[in-house]
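Worksheet: the structure to be examined is printed underneath.
Derivation of every value follows stated rules applied to the coordinates shown; laboratory data play no part. Computed from a predicted model, the values in this text were never measured in an experiment. Virtual Cβ from ideal backbone geometry, glycine too; neighbours counted across all protein chains shown.
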């Protein structure tokens, strides 16, 4: 089982011959000759990468769409403000740094 038989691909080439498109014909002849030269394990390796890429590119939008539907049907439940833990930052200026921290704070809170 060294080589795979892809003779059915040459039927596609014959259909392209009928249209007289030489660019497509030369591409298909080269492509099918390359595929025909692959061993079984090379073919399996290439196909496995194709399927992994296909499932990733098709599966991710499906998972994201389902996620959006779930969020719309069952929105996230937030804690009430009474139970929430609020974090507060306290700025303690170092020696002679109070004026510059006050100025920086005014700039950042606009």
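General remarks:
- Of the residues 24, 52, the one with the fewest other Cβ atoms within 10 Å heads the list, and the complete ranking is 52, 24.
- Remark: 49, 43 ranked as 49, 43, counting other beta-carbon atoms within 10 Å and listing the fewest first.
- A Förster distance of 30 Å, applied to the separation of the beta-carbon atoms of residue 74 and residue 49, puts the FRET efficiency at 0.20.
- In a fully extended conformation the segment linking residue 42 and residue 101 would gain 14.7 nm over its present Cα-Cα distance, using 0.36 nm per residue.
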